[in-house]
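J.: Before I ask anything, here is the structure I am working with.
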Amino acid sequence: MGCGSSQTENSRTNQAIVNPGNSSENNNQQKEVVKKESGVSEEEQKQQKFREEVIAAHNKYRAKHGAGPLTQARDLDEIAQKWADYLVKNNKFEHSDTQYGENLWGGGANATGKEVTEAHYSEIKDYNFATGGFSMQTGHFTQVVWKGSKELGTGYARNSNGMSVVCCNYRPAGNMQGAFAANVTPP
């Protein structure tokens with residue numbers, strides 16, 4: 001069995017899951033059991049789902065441009081989450097002083113990871129593939145599809161006033177002068 005568990009404890013846990021008693025009481029018990037077993041809160045589960053939406057949307061767009069898929073980096077998730085929390089808590093919207101590539105998004109409290117990524121990618125309409133290079137109007141787009149970036153970390157924070165901020169950190173950082181032609185190619 002391992003981890004100090006016993007047959008009696010396991011039997012009680014299984015009973016809580018399958019016992020059809022009072023449905024709302026049973027649902028609460030199920031949520032409690034799932035939380036205890038997984039060690040992950042409902043909020044953490046929502047954050048992970050959001051991160052998965054962001055990375056899936058990024059990888060869809062990256063594939064159009066011949067860029068390999070990004071992988072999720074837990075350490076970057078933590079860094080991005082701390083920055084998003086800081087921005088919301090302090091009612092600010094500014095880039096951090098980071099060694100990583102960084103895209104920010106701000107808006108309403110119910111955005112999906114797909115919507116946030118689409119907003120960044122929509123800057124493609126202003127990007128000149130013939131001349132390349134960085135511009136403030138296209139920097140989010142170019143970082144999303146930057147071929148040299150391999151890992152992504154995402155943080156999503158919201159406050160009671162309806163403000164939300166998403167921070168995406170990329171490793172290695174994109175948008176490097178002199179490297180646009182090799183890293184940002186047409187779809």
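The values are calculated or read from the model by the stated rules, or taken from the named source; none is laboratory data. Because the structure is predicted, anything quoted here is derived from the model rather than measured. All Cβ positions, even for glycine, are placed from backbone atoms using ideal geometry, and neighbour counts span all protein chains on display. When the accessible area is computed, the model is the full protein with side chains, heavy atoms only, and any ligands, DNA or RNA have been set aside. Shrake-Rupley method; radii C 1.70, N 1.55, O 1.52, S 1.80 Å.
J.: With a 1.4 Å probe and all protein chains left in place, how much of the accessible area of the range 65-115 comes from carbon and sulfur atoms, in whole percent?
T.: 48
J.: Something else about it: Cβ neighbours within 10 Å, averaged per peptide: list 162-171, 45-54 in order, most packed at the top.
T.: Put in order of decreasing packing, that is 162-171, 45-54.
J.: Quick one: length gained pulling Glu94 to Asn110 fully straight, 0.36 nm per residue minus the C-alpha distance?
T.: Contour length minus Cα-Cα distance gives 3.7 nm.
J.: What list of ³J(HN,Hα) couplings, whole Hz, do you get for the range 166-183 from phi and the Karplus terms 6.51, -1.76, 1.60, once you set θ to phi - 60° and write x for glycine and proline?
T.: Karplus values, whole Hz, x for Gly and Pro: 10, 10, 10, 10, 10, 9, x, 5, x, 6, 8, 3, x, 10, 5, 4, 7, 10.
J.: Another question about this same structure. What whole-number value in Å² describes the accessible area per residue of the range 99-163 for a 1.4 Å probe?
T.: Spelled out: the 1.4 Å probe surface of the range 99-163, per residue, equals 45 Å².
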